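Participant: Sharing a structure here in structure tokens format.
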Amino acid sequence: MEHLERILILDFGSQYTQLIARRVRELGVFSEIRPYSISPAELAQIQPRGIILSGGPASVYGAEAPLPEPALLAQDIPLLGICYGLQVIGQLCGGEVGRAPQREYGRAELQIDETATLFDGLGDFLTVWMSHGDHLTRIPPDFRVIAHTANAPIAAIRHRHRPLYGIQFHPEVVHTPRGSELLANFVFKVCGCRGDWNASSFVERTVAEIRERVGGEQVLCALSGGVDSTVAAALVGRAVSRQLTCIFVDTGLLRENEAAEVCSFYRNADFEFRFVDAGERFLSCLAGVTDPEQKRKIIGREFIAVFEEEAARLGGVGYLVQGTLYPDVIESVSTRGPSATIKSHHNVGGLPEKMRLRLIEPLRELFKDEVRRAGRELQVPPFILGRHPFPGPGLAVRILGEITPERLAILKPADRIFMEELRRSGEYDRIWQAFAVLLPVQTVGVMGDERTYENVIALRAVTSMDGMTADWAEIPRSLLALISNRIINEVKGVNRVVYDISSKPPSTIEWE
Ligand code: XMP
């Protein structure tokens, strides 16, 4: 197989590192994030077409400053340093970095002094986004200044003979409107990339890789009904269809009608599909439990048990498919370390070690929107690709307090009404995640001439890029009124509906 051309992004801890990777991929070139400390041996193995050094919060002259192996600058691979990355190049090549007289943050007007290569086609002026406290005070020998701003006399540099570039601003953020064109100049003109990475080439390459790796062995996959596990299964299914068995466990904690809807799609897929109705089993294990972490543990444990029983029936399985995505992979190697990860929610995480299975993670290089594109390529239907994320423990963490069949019978229709109205109004696709929560309190109300003392449903809807931070969604007032009316009228046992207006942080998306 032809070597996959890739741009390597070395992470120095910038909040924008992932954004650089995305922008490069949008240009049709595969990009990969690695820690700044990558060894020359690893580098030789990856054989990138070019390297981008990210920004970062440190000062290159600080005692603990993250600096790459000096060998990185001695080789021939084209290099672009962004912000802190520019300062790394400056410092390691013999220039000088110091504190800027004043911190520069926000929009700036860049005057381009040399239009060749990096700034090709971008005119004389460029609006850019700056965010730095340090700057290059002396340019290294053999480099020249190719752009400046009123506050930064050295805002971009290049080496006279070698493909080394540095820019003080951030081309990856939307506030640098023509930033993608600059990155395209680096990726295509400096690095000579072809730009043929897309959903269809990804599918083709991955299918071939899976086929080669799996050989004649059996493969198992736990389906959740969500986007990631479905697309992962569809990929593996395309590669080794008859060797793949997918198991879908109905924990009884799924949304109303969800199991039936999802099964109707899976039953027609070209892999072996098994449906396990384990609702009663999960409910009896959860009886009397109110602590959220306890609920998660019980569900995780039971899930593994059910899954193992099914796998044992099958026998002779060599691989397990998991829908791990790229953000899960990068967080664990970022310079900020694993502590920057807010929560890790892998409810099938214990499976591979326990069952001694080797893992196939066909999506571990993709961002969520790229997974959706691959899914479209694999003809996964839009009703699955457009779904909001749904937590592994399901409605268990949306019924605050004890989970009983009666309380499930209140939450499920309330949640269904909320979803129906969001879909009908077109709001569903604008929202990252929405759901109803059953609170463990009763409040007073009046219905007809009677006083009632019944349950409260909280509605939660957030917008987000990745679930790590989120804003509460501004759903139109008339729609909220309609949803509230319908829930109170149609769901027995509810006399009050409230809307959650907290953002994350400091709140979380789920209530438990
Ligand atoms: P929080 O509540 O931490 O949620 O803001 C962030 C995202 O993670 C989902 N979530 C879970 N997913 N198992 C999962 O598989 C869990 O235990 C779990 N808890 C939260 C949540 O729905 C949101 O998308």
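Participant: Once amide H atoms are built 1.01 Å from N in the peptide plane, which residues 5 or more positions from residue 134, or in another chain, come under 5 Å H to H?
Facilitator: Those qualifying (amide H under 5 Å, at least 5 residues apart or on another chain) are 100.
Participant: Rounded to the nearest 5, what % of DSSP beta bridges with both residues in the chain are antiparallel?
Facilitator: Antiparallel bridges make up about 45 percent of those DSSP assigns within the chain.
Participant: Gain in length, residue 490 to residue 447, computed as 0.36 nm per residue apart minus the alpha-carbon separation, to one decimal in nm? Working shown, then result.
Facilitator: Numbers: separation 43, 0.36 × 43 = 15.48 nm, distance 1.28 nm.
The span from residue 490 to residue 447 would gain 14.2 nm if fully extended.
Participant: What are the ³J(HN,Hα) values, in whole Hz, obtained from phi via the Karplus relation 6.51 cos²θ - 1.76 cosθ + 1.60 with θ = phi - 60°, for each residue of region 102-118 in sequence order, with x given for Gly and Pro?
Facilitator: Values per residue, Gly and Pro as x: 9, 4, 10, 9, x, 5, 9, 9, 9, 9, 8, 9, 9, 7, 5, 6, 4 Hz.
Participant: Right, here's the next one. Just flag the trypsin sites (Lys or Arg not before Pro) in region 128-223 sitting in loop per DSSP whose Cβ has no more than 13 other Cβ atoms within 10 Å.
Facilitator: Passing sites in region 128-223 are 160, 194.
Participant: Is region 398-499 rounded, prolate or oblate when judged by the Cα gyration tensor, a ≥ b ≥ c being the square roots of its eigenvalues, rounded requiring a/c under 1.5 and prolate requiring a/b larger than b/c?
Facilitator: prolate
Participant: In addition: Using θ = phi - 60° and the Karplus curve 6.51 cos²θ - 1.76 cosθ + 1.60, what whole-Hz ³J(HN,Hα) does each residue of region 77-85 get, with Gly and Pro shown as x?
Facilitator: These are the phi-based 3J(HN,Hα) values: 5, x, 9, 10, x, 10, 6, 3, x Hz.
Participant: I've got another one for you. Using just the helices of the chain, give the 222 nm mean residue ellipticity in deg cm²/dmol: DSSP H runs with n ≥ 4 each add -39,500 (n - 2.57), and the total is spread over all residues, rounded to 500.
Facilitator: -9500 deg cm²/dmol
Participant: Using θ = phi - 60° and the Karplus curve 6.51 cos²θ - 1.76 cosθ + 1.60, what whole-Hz ³J(HN,Hα) does each residue of region 177-184 get, with Gly and Pro shown as x?
Facilitator: x, 9, x, 5, 5, 5, 4, 4
Participant: Let me ask something else about it. Quick one: go through region 127-149 and flag any residue whose amide nitrogen is under 17 Å from the point 7 Å out along the Cα-to-Cβ line of residue 189.
Facilitator: 127, 144-148
Participant: Can you tally the net charge around residue 89? Count Lys and Arg as +1, Asp and Glu as -1, for every other residue whose Cβ sits under 12 Å from the Cβ of residue 89.
Facilitator: Net local charge, residue 89 excluded: +1.
Participant: Now for a different question. Taking amide hydrogens as modeled 1.01 Å from N in the peptide plane, which residues meet the under 5 Å criterion relative to residue 470, leaving out close sequence neighbours?
Facilitator: Under 5 Å from the amide H of residue 470: 504.
Participant: Considering only the other residues whose Cβ falls under 11 Å of the Cβ of residue 142, what net charge follows from Lys and Arg at +1 and Asp and Glu at -1?
Facilitator: Details: positive: 144, 158, 160, 162; negative: none.
The answer is +4.
Participant: From the square roots a ≥ b ≥ c of the eigenvalues of the alpha-carbon gyration tensor of the chain, which class results: rounded (a/c under 1.5), prolate (a/b over b/c), or oblate? Please report the intermediate quantities before stating the final value.
Facilitator: Values: a/c = 2.43, a/b = 1.61, b/c = 1.51.
Because a/c hits 1.5 or more and a/b exceeds b/c, the chain counts as prolate.
Participant: Related question: Quick query: amide H of residue 433 versus all other amide H atoms, modeled in the peptide plane; which residues come in under 5 Å with a sequence gap of 5 or more or a different chain?
Facilitator: 462
Participant: Just give me a number: lysine pairs in the chain, eight or more positions apart or cross-chain, with C-alpha atoms less than 22 Å apart.
Facilitator: Here the count comes out as 9.
Participant: Tell me whether region 8-58 comes out rounded, prolate or oblate; compute the Cα gyration tensor, take square roots of the eigenvalues as a ≥ b ≥ c, and use a/c under 1.5 as the rounded threshold. Could the numbers behind the result be given before it?
Facilitator: Working: a/c = 2.81, a/b = 1.07, b/c = 2.64.
Oblate.
Every number in this text was worked out from the coordinates using simple rules, so none of it is lab data. All values derive from a computational prediction rather than experimental measurement. We place every Cβ from the backbone using ideal geometry, glycine too, and count neighbours over all the protein chains shown.
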